[in-house]
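Asker: This is the structure I have questions about; it appears just below.
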Amino acid sequence: MAHVVGTSARRKEGPEKLSGHARYVDDYRIPGCLHGVTVRAPIARGRILGIARDPAFDWDGVVIATAEDIPGPNVVTLIEPDQPLLAAGEVRHAQEPVALVAHADRSRAYQAAAHLKVEYESLQPVIDPAQSEQVFKSFLIERGDVVAGLAAGDLVVEGTYTVPHQEHAYIENNAAAAWFEADGTLVVLASMQCPYYVHKALKPLFDLPAHKVRIVQAVTGGGFGGKEEYPNMIAGHAALLAKKAGRPVKIVYDRHEDMLATTKRHPARIRHRTAVKRDGTLVAQDVDVLMDGGAYLTLSPVVLSRGTLHATGPYDCPNVRIRSRVVATHTPPNGAFRGFGAPQTLFAAELHMERIAEAIGADPVALRRKNLVREGSTLAVGQVLRESVGALQALDECAKRSGFRDKRREYARWNWRKDQPTWKGIGLAVVHHGSGFTGSGETHLASRAAVALTREGAIVVLAASTEFGQGTNTMFSQVTADTLGLPYDWITVETPDTSKVPDSGPTVASRTCMVVGRLVRQAALDLKAALVAEHGRVPHTRAHLREAALTLCGDAAERRFEREYEKPSGMAWDDATYRGDAYEAYSYAAVAVDLEIDKATWEVTVHRVTSVQDIGTTVNPLLAEGQVIGGTAQALGYALLESPVYKDGVMLNAQLTNYVIPTSLDTPEMDVAFVPAPYSNGPFGAKGVGELPMDGPPPAVAAAVHDATGLWITDLPILPERLARAERERKAPRNRK
Amino acid sequence: MTLLRPRSAAEALKLYAQSPGALPLAGGTDFMVAWNAGLANDRVVLDLAGLEAWRRIAATKTTITIGALATHADIQRHTAVRRHLPLLVEACAMVGGLQIQNRGTLGGNIANASPAGDTFPPLAVYDAEVELASARGRRRVPFGSVFAGVKKTVLEPGELIAAIHVPVPRRPTRALWRKVGTRAAQAISKTMAAGLLWLARDGTIAELRFALGSMAPTVRRLASVEAHVKGRRPDRELAREAAALVARDVAPIDDIRSTAEYRLAVSQNLLASFLTRET
């Protein structure tokens, strides 16, 4: 039997999507369905004095819901019970949902929303995180003695870095439909990443037992974290209107509303002080992180945790202190976004390495080689890296493939000539990204996944892990097929539906392949053992498999083999001290960015990105390369183009015309390669890949911009406007005392 | 929404005179955005799709006449336009994407009067004239006078843009079209420059025409710069002087897409490099 793991097996749902048969929430025609619209607060902070219907408007057929209609506590359950489903009494951010309306006619529903008059008393909002007095969460991680370390180096390099909000820009906006069955079961069909998060949030809101809430994932047009926690909100809204109306209700945001109201990447300010020896040895790293959480806690503590744990970069330094905090502001809550705090802190860490290289006159590759983690290295949290550390291999391969050193020399000659119309530069970064939940997170989740053999001889993977473009279905099928030694096409994957699949945890944190894939493999091994016990071997024809299924299933419709997460032996984590094995395994990437800048317009053209990664065994090379290319494009947008403009806590450019994401013409040629260092506990040696590509390109871009122009642009995005200003200030520095 | 669908120009002008509050619909690329935002609800819409005659492009030895309903794609395909008005062709090729170029019309682009209209700087340097038609008759307005501000024109109630007339220019010594919009495609411009330059036999500047878009509420020809460089040699010294004069002709704006400082600096650089270019 040919092995399918390691091949680019065809995407399971590919033909359905290509042929237009895939159905997204808005494609479902639900009989009697009303269209729901959200009434949102126009101010960042205030008290709600009253909600009144405009008497001049025809309210016939309009259903209205407010906080008073919620059967249970008015809370969107996530980490802390601080966020209401509908604001009651007080508004804490602009665009906060205040009321809901529904009508059979979509246009009429929007008009009704505009005629529902909400009266507010405005209060002074806190918009600047540096001014906030409400800390959602803080961390302190220490290794060695940072004070002594800072004094022990040959020099100390300091730097401050900032990164802005970022919009996910998934192709399908947030959408949910909800209805109540005759027996009182609440059913939600939504575009989402985490069906069991929605399940957990809706039970208390509607005071229903677990079996009376059923959450089904519709085909989902992208997520990037933007559909991790937000669907709890929109599903709650659709369900509340459905309850009030006694009819199904669908809510589909348009792009403007989605950009204005839903989550963004956390903005951050990161400060570094690093002591280094002349030979490039890192002596001490002192890092301070401030993140803006927005108005409610949502996932901010976990985002901060990952940001904190990645804040030093992938280096082994004896003296480390990381202080971090995420604070409240009166702005829409920030949330999960591919990378989850790490792209923010890694931008700072890796650009800071470039400044260290300049300060001591070191080659950036050599400086990194000297300090990079390898097997046996210890991280700031005390974790010893025992296996699967491909950072050095990735760096060496990236430097070679990109021609880094030759390009540096060639571009130095080009840039030396003042009459050239452009500057050219190449820059590089090395990053790590922990796969799976942080610390004991996976133990608390206790995820489950199953493989079932039906009476008809079908093999079905049962997991709550969703497919939203990244390849979940394909990867599960490959792992199951090779575990059983059966053809890839024999494997099917059940739609994530809480009435059918076990809780495999959320589809986030680069965990689906390494963590849930391992559970699927274990379950498939159990099925294999049962087949071997019954028949001496796994049947290799459909007819034999059907025969075997009849005996294995007995009287049941299927025989299910389910596995629950078990912590790999030797892993230890202490939540109280925040020390131990922060992640089971890390993936690594080295990224080189080759670019050119127009001297007349300061426009940056990225010519080529070389991205080399260790993600363990590459289960599906084509899908993995797709993840790297897509993530790199998204990261280049973050680095160079995407500039959210805010005024008084409201996003002013909440349209794709003015919030500029890269087009295919802005996406450069990419050279993607893999240097696998397999992880023994990953399925067939695999680690995570989803978030890693978001981490490396921004600091590599900033390094290349410095190589080209000599300017340190430490704030993202590196817009032409920013470059123009930096160059002007270099030519005519302001008088400083 | 009430839809009026005239079959001829005469009928369109008559209907428009009867309901001057109607929203003229040409290619619909701006209209669809407004409609989606609910801004076209309960409005009367005057659909101009039936006015085939207004889509024609005609060329004589001295003038090229572009019907208001000619699309950006039509303009790019027309032989005489390609030969004589290459800057307009280049601008049309950078408007939105292919779908927008196939739908969007030159008349619609002008009537919408966005400060970022991509075709405006070329039309400004080509000294175009806009022909306006109403039930009362026709009149011509110089291109530079058709805009009254952001999204505002001098069109009177009941008046439609019928055509754009462009005098065929003498072949310039050099020409420039540059759109600066941060990303490579589908960008709304931060600044745009169009330039035509004629050198005399002795190497001095016989005539310069230079226009900037997206800098101010309306497209601007640089009158002071154009006057200053006349009769001078296009050297670095002159380029510096000309760049310094840009701010006299146009006061750039800060908005959500860019800054005044950046717009001015880029415009100055583009003008300076155009003046000192080798060819």
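Yes/no matrix, rows are residues, columns are (1) farther than 21 Å from A:Gln285 by Cα; (2) within 14 Å of chain B (Cβ to nearest Cβ); (3) in contact with a helix residue (DSSP H, G or I) (Cβ under 7 Å, 6 or more places away or on another chain); (4) modelled with pLDDT under 95:
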site	(1), (2), (3), (4)
A:Glu350	no, no, yes, no
A:Arg355	no, no, no, no
A:Val365	no, no, yes, no
A:Ser377	no, no, no, no
A:Leu385	no, no, no, no
A:Arg401	yes, no, no, no
A:Arg413	yes, no, no, no
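Asker: Determine whether A:Ala677 is in contact with a strand residue (DSSP E or B) (Cβ under 9 Å, 6 or more places away or on another chain) and in contact (Cβ under 8 Å) with a residue 24 or more places away in the chain. Please lay out each step first, then the result.
Answerer: Working: in contact with a strand residue (DSSP E or B) (Cβ under 9 Å, 6 or more places away or on another chain): yes; in contact (Cβ under 8 Å) with a residue 24 or more places away in the chain: yes.
The answer is yes for A:Ala677.
Asker: Could you grab me the full set of residues in the range A:415-433 that are within 14 Å of chain B (Cβ to nearest Cβ) and either in contact with an Asp or Glu (Cβ under 6 Å, 6 or more places away or on another chain) or more than 22 Å from A:Asp598 (Cβ to Cβ) (or both)?
Answerer: A:Thr422
Asker: Additional query: Taking B:Trp54, is it part of a helix (DSSP H, G or I), open to solvent by 70 Å² or more (accessible area, probe 1.4 Å) and under 21 Å from B:Ile110 (Cβ atoms)?
Answerer: no
Asker: Mind listing whichever residues of the range A:501-549 are among the basic types (Lys, Arg), assigned to a loop (DSSP other than H, G, I, E, B) and buried (at least 23 other Cβ atoms within 10 Å of the Cβ)?
Answerer: So the first thing to find is which residues in the range A:501-549 are among the basic types (Lys, Arg), and the list is A:511, A:518, A:521, A:528, A:537, A:542, A:546.
Remaining after also requiring assigned to a loop (DSSP other than H, G, I, E, B): A:511, A:537.
Within the range A:501-549, just A:Arg511 meets the criteria.
Asker: What number of residues within the range B:1-34 are outside any loop (DSSP other than H, G, I, E, B) and either β-branched (Val, Ile, Thr) or open to solvent by 60 Å² or more (accessible area, probe 1.4 Å) (or both)?
Answerer: Residues meeting the conditions: 8.
Asker: For the range A:130-145, check the following and say yes or no: at least one residue is in contact (Cβ under 8 Å) with a residue 40 or more places away in the chain, in the same structural domain as A:Arg40 (by TED's automatic domain parsing) and not in a strand (DSSP E or B).
Answerer: no
Asker: So B:Leu69 fits all but one of (1) open to solvent by less than 30 Å² (accessible area, probe 1.4 Å); (2) within 30 Å of A:Glu257 (Cα to Cα); what number is the exception?
Answerer: Result: B:Leu69 fails condition (2) only.
Asker: Provide a single number: the residues in the range A:203-230 that are part of a loop (DSSP other than H, G, I, E, B), hydrophobic (A, V, I, L, M, F, W, C) and either surrounded by fewer than 18 Cβ atoms within 10 Å (Cβ to Cβ) or free of Cβ contacts under 8 Å to residues at least 40 places away in the same chain (or both).
Answerer: Qualifying residue count for the region: 1.
Asker: Which residues, taken from the range B:229-244, are within 21 Å of B:Arg201 (Cα to Cα), surrounded by 19 or more Cβ atoms within 10 Å (Cβ to Cβ) and away from chain A (no Cβ under 14 Å)?
Answerer: Scanning the range B:229-244 gives B:Val229, B:Pro234.
Asker: Checking the condition within 22 Å of the chain's Cα centre (by Cα), of a type in the set (Ser, Thr, Tyr) and away from chain A (no Cβ under 14 Å), which residue from B:Ser224, B:Ser267 passes?
Answerer: Among B:Ser224, B:Ser267, only B:Ser224 is within 22 Å of the chain's Cα centre (by Cα), of a type in the set (Ser, Thr, Tyr) and away from chain A (no Cβ under 14 Å).
Asker: Right, something else. Every residue in the range A:575-613 that is within 14 Å of chain B (Cβ to nearest Cβ) and either open to solvent by 10 Å² or more (accessible area, probe 1.4 Å) or within 15 Å of A:Leu392 (Cα to Cα) (or both), please.
Answerer: A:Glu596, A:Asp598, A:Lys599, A:Ala600, A:Trp602, A:Glu603, A:Val604, A:Thr605, A:Val606, A:His607
Asker: Give me the pairs, please: first residue somewhere in the range B:181-201 and more than 14 Å from chain A (Cβ to nearest Cβ) and free of Cβ contacts under 8 Å to residues at least 24 places away in the same chain, second residue anywhere and open to solvent by 10 Å² or more (accessible area, probe 1.4 Å) and not in a strand (DSSP E or B), beta-carbon distance under 7 Å, and either six or more positions apart or on two chains.
Answerer: Listed by first residue and then by second, the contacts come to nothing, as the list is empty.
Asker: Here's something else I'd like to know. Being closer than 16 Å to A:Gly626 by Cα and away from every other protein chain (no Cβ under 14 Å) is the filter here; which residues of the range A:646-674 pass it?
Answerer: A:Met670, A:Asp671, A:Val672, A:Ala673, A:Phe674
Asker: On to the next question. Pick out, from the range A:19-115, the strands (runs of 3 or more DSSP E) lying fully within it that include 3 or more residues that are among the aliphatic types (A, V, I, L, M) and surrounded by fewer than 20 Cβ atoms within 10 Å (Cβ to Cβ). Don't jump to the end; show me each part of the working.
Answerer: Values: elements: A:34-40, A:46-53, A:63-65, A:97-103.
Because the criterion is at least 3 residues that are among the aliphatic types (A, V, I, L, M) and surrounded by fewer than 20 Cβ atoms within 10 Å (Cβ to Cβ), the strands (runs of 3 or more DSSP E) in the range A:19-115 that meet it are A:46-53.
Asker: Out of the helices (runs of 4 or more DSSP H) lying entirely within the range B:81-164, which hold 3 or more residues that are touching a residue at least 60 places away in the same chain (Cβ under 8 Å) and more than 30 Å from B:Ala17 (Cα to Cα)?
Answerer: Numbers: elements: B:86-92, B:98-103, B:106-112, B:120-125.
Helices (runs of 4 or more DSSP H) meeting the threshold: B:86-92, B:120-125.
Asker: Name the pairs whose Cβ atoms lie under 9 Å apart, with the first residue in the range B:7-36 and on the phi < 0 side of the Ramachandran plot, the second hydroxyl-bearing (Ser, Thr, Tyr) and assigned to a helix (DSSP H, G or I), and 6 or more positions between them or separate chains?
Answerer: B:Ala22/B:Tyr16; B:Pro24/B:Tyr16
Asker: Any chance you could count how many residues in the range A:178-202 are assigned to a helix (DSSP H, G or I) and either touching a helix residue (DSSP H, G or I) at 6+ places or on another chain (Cβ under 7 Å) or open to solvent by less than 50 Å² (accessible area, probe 1.4 Å) (or both)?
Answerer: 7
Asker: I would also like to ask the following. Go through the range A:694-722 and count every residue that is open to solvent by 10 Å² or more (accessible area, probe 1.4 Å) and either part of a helix (DSSP H, G or I) or at positive phi (or both).
Answerer: Total satisfying the criteria: 6.
Asker: Any chance you could count how many residues in the range B:245-255 are surrounded by fewer than 14 Cβ atoms within 10 Å (Cβ to Cβ) and either in a helix (DSSP H, G or I) or facing chain A (nearest Cβ under 9 Å) (or both)?
Answerer: 1
Asker: What are the residues in the range A:43-63 that are more than 27 Å from the chain's Cα centre (by Cα) and within 25 Å of A:Pro333 (Cβ to Cβ), if any?
Answerer: A:Ile43, A:Arg45, A:Gly46, A:Arg47, A:Ile48, A:Leu49, A:Ile51
Asker: Hey, another quick one. Take A:Asp555 and tell me if it is open to solvent by less than 10 Å² (accessible area, probe 1.4 Å), over 30 Å from A:Phe674 (Cα atoms) and not aliphatic (A, V, I, L, M).
Answerer: No, not satisfied.
Asker: Filter the range A:487-500 down to residues that are within 25 Å of A:His3 (Cα to Cα) and crowded, with 22+ Cβ neighbours inside 10 Å, then give me how many there are.
Answerer: 2
Asker: Name the residue, out of B:Val146, B:Val168, that is away from chain A (no Cβ under 14 Å), within 21 Å of B:Thr29 (Cα to Cα) and in contact with a strand residue (DSSP E or B) (Cβ under 8 Å, 6 or more places away or on another chain).
Answerer: B:Val146
Asker: Looking at the range A:614-624, can you tell me whether even one residue there is in a strand (DSSP E or B) and either at pLDDT 95 or above or out of contact with any helix residue (DSSP H, G or I) (no Cβ under 7 Å at 6 or more places or on another chain) (or both)? I'd like the intermediate steps shown before the answer.
Answerer: Within the range A:614-624, the first condition is being in a strand (DSSP E or B), and the residues that meet it are A:614, A:616.
In the following step, the residues that additionally are either at pLDDT 95 or above or out of contact with any helix residue (DSSP H, G or I) (no Cβ under 7 Å at 6 or more places or on another chain) (or both) were identified as A:614, A:616.
Yes.
Asker: A:Thr160 fails exactly one of the following numbered conditions: (1) assigned by TED's automatic domain parsing to the domain that holds A:Glu350; (2) closer than 25 Å to A:Trp712 by Cβ. What is the number of that condition?
Answerer: (1)
The values are calculated or read from the model by the stated rules, or taken from the named source; none is laboratory data. Just so you know, these numbers come straight off a predicted model, no measurement behind them. FYI the Cβ positions are ideal-geometry reconstructions off the backbone, even for glycines, and counts take in every protein chain you see. Please note that ligands, DNA and RNA were not included when accessible areas were found on the heavy atoms of the full protein model with its side chains. Shrake-Rupley method; radii C 1.70, N 1.55, O 1.52, S 1.80 Å.
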